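Below is one structure, written out as structure tokens, with a few remarks after it.
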Amino acid sequence: MSRFVLILASLWLILATAHEVFTGRAWIWVIPGVSPPLMFAALPLVFLLAAPFLKRHRLPVAAIAVVTFAVSLPSTGLNFAALWRAPVQADAGTPLRVVQLNTDYWGQLRDGTLTDPRDKDAMLAYLRALDADVYLLQEHMTRIGDTAPPVTDLSDVEEVFPEYEARTAGTLLTLSRLPIKGHEVVSSDAPRILQLPPPPYALKVDVEVEGTTVSTYNVHMPIQIIIEQDWFSAQFYNEIKRRHYIRKQEFAALTADVTDNTNPLVIAGDFNTSPAMGDNRQLLKATRDAVSYTSIVYPATWRVGGQLPKLWRNDWFLVGNALHVADFQQIDPEGNSDHLAQAAELRVLGAGTTGTQQAALGE
């Protein structure tokens, strides 16, 4: 038994190392990447706890478990910053409240896998009660067979949010009660042929916050796998390969735009990317994760409402440049989505921010 456990631990170390090398790079590695991120922390812990009870190889198994955990840290999804929650200066800067939600096909009933009953009016009332300055909403769309055409009628939005300006691009909807200075789609040159969701995948809207322009990025990246397809067919794997390369290009375009933007930044949405996938890691390096300012240890956002456990973080809320995160919450959607809502109380420091102040934001 001791030798068997040693072999298993060694094999998992090899697999974990390979995962960190290939995730986000090799298209076939999408398949192990859809595993719950917590698995990459749990299995090394199991080996570590088992080591003292072995008759032989205790030290090698324990050492391998520790090394494996360290190798897998980026994929675990654990928020280690919760151990030293970042200091917040809530009185500095101009307040800005931003809410993000995947609206699950705009609160409509639909066919397909993993569906729940929805009420669009209840969803709109729920969003209104969150009282944000800016809403970044995804899946402003319906479902017809294997396609997801955008909703083009904004009359329901205008009725519930009469004082807000709306900007749309495909299935992305951004609402702002602050003045909008401009907007544009952020995209790569990849062929726009995917559905679920259809392109575009990022909408940048600049809003004015007391004289300072804040750039908001509303993001909904395409899913990696069409789970309704036959997993033993060539079509299934060809689709994974096609989606991998398009996702890679879209993340690269978004990261480049964010990196070149000197405004205070908010980048939020359904990335369809868990920490166990490497697709968004360059974007993470260029921004700050709002979750790191909280005590949430495992910030999973999907799936809410049953059928699957809530083990994946598909939704992200990132900030950049002269923004404080005064408060960040993941909120129960109250039956209006299969994703948690994300709400951030931000502080905009403005154009006069000193280098010392900006450096402090990364603490």
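Only the coordinates and a few stated rules stand behind these numbers; no lab work does. Predicted, not measured: the structure shown is a model, and the values here were computed from it. Cβ sites come from the backbone with ideal geometry, for glycine too, and all protein chains shown count toward neighbours.
Observations on the structure shown:
- Per residue convex hull volume, Cα atoms of the range 2-76, in Å³: 71
- In the chain, helical runs assigned H by DSSP with n ≥ 4 each contribute -39500 (n - 2.57); averaged across all residues and rounded to the nearest 500, the mean residue ellipticity at 222 nm is -9500 deg cm²/dmol.
- Taking 0.36 nm per residue of sequence separation and removing the Cα-Cα distance, the K55/L73 pair yields an extension gain of 3.6 nm.
- Estimated FRET transfer efficiency when R0 is 25 angstrom, pair D153-I227 (beta carbons, to 0.05): 0.25
- With the simple spin-label model, which puts each label point 7 Å out from Cα in the Cβ direction, the L284 to D119 separation comes to 3.8 nm.
- The chain, dipole about Cα centre (Lys/Arg Cβ +1, Asp/Glu Cβ -1), debye to the nearest 20: 2020
- Segment L83..A42, full-extension length gain: 12.9 nm, with 0.36 nm per residue of separation and the alpha-carbon distance subtracted.
- Residues of the range 59-78 with amide N under 18 Å of the 7 Å Cα→Cβ point at V21: 67-75
- Across the options A122, T142, A190, the greatest Cα extent toward the positive end of the charge dipole of the range 84-361 (unit charges at beta carbon of Lys, Arg, Asp, Glu) belongs to A190.
- Over all pairs of different C-alpha atoms in the chain, the reciprocal of the mean inverse distance, the Kirkwood hydrodynamic radius, equals 21.6 Å.
- The range 118-227, dipole about Cα centre (Lys/Arg Cβ +1, Asp/Glu Cβ -1), debye to the nearest 20: 380
- In nm, spacing of pseudo-spin labels at I144 and Q108 (7 Å Cα→C-beta vector): 0.9
- Taken over the Cα atoms of the range 183-300, the convex hull encloses 119 Å³ per residue.
- Contour minus Cα-Cα distance for E165 and V185 (0.36 nm per residue): 5.5 nm
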